[in-house]
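Presented below is the structure to which this report refers.
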Amino acid sequence: MQGEFIGAGDIERQTQQTLDNLDRVLAGFGAERSNLAYVEIYLTDVQAHVEPCIALFKRYVGDHRPAGSLIGVTGLASPEQ
């Protein structure tokens, strides 16, 4: 909320923070998780991070299963991401 990066080097903490942020954005629009139609996830180390990231995401959406993509990239906007 203060613009600080959370969870450097910890994919589970980063993922949880991202999902918490998504909840705030949805609430701001009067929407809920069940309104998600498509989610795009970017990972810089797919092999190491796919399982914890997807496990947290599945817990987040519950029985709802929005469409989505998981994309491996060589970098993100900030090096710690």
Helix 46-61 axis, angle to the chain major axis (alpha carbon atoms, nearest 10°): 20
In nm, spacing of pseudo-spin labels at Leu76 and Thr44 (7 Å Cα→C-beta vector): 0.8
Value at 222 nm in deg cm²/dmol, rounded to 500, when DSSP H runs of n ≥ 4 in the chain each add -39,500 (n - 2.57): -14000 deg cm²/dmol
Cα gyration tensor shape for the chain, rounded if a/c is under 1.5, else prolate or oblate: oblate
Cβ-placed point charges (K, R +1; D, E -1), dipole of the chain about Cα centre in debye, nearest 20: 240
Where N is the number of residues in segment 34-81, Cα Rg divided by 2.2 N^0.38 Å: 1.23
Sparse-neighbourhood loop sites, chymotrypsin sites (Phe, Trp or Tyr not before Pro) in the chain - DSSP loop, at most 13 other Cβ within 10 angstrom: Phe5, Phe29
Cα→Cβ-extended label distance, 7 Å offset, between Arg33 and Asp20, nm: 1.5
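Test of understanding: what is the full-extension gain from Ala67 to Glu12, defined as 0.36 nm times their sequence separation minus their Cα-Cα distance? Could you put the intermediate results ahead of the total?
Details: separation 55, 0.36 × 55 = 19.80 nm, distance 2.14 nm.
Working it through step by step, the gained length comes to 17.7 nm.
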Rounded to 10°, Cα long-axis angle of helix 11-28 versus longest principal axis of the chain: 30
Accessible area (Å², per residue) of the chain, counting only protein heavy atoms and a probe of 1.4 Å: 71
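The values are calculated or read from the model by the stated rules, or taken from the named source; none is laboratory data. Note that this is a predicted model, so its numbers are computed, not measured. Glycine also receives a Cβ, built like all others from the backbone with ideal geometry; neighbour counts cover every protein chain displayed. What goes into the accessible areas is simple: the full protein's heavy atoms, side chains included, and nothing from ligands, DNA or RNA. Shrake-Rupley method; radii C 1.70, N 1.55, O 1.52, S 1.80 Å.
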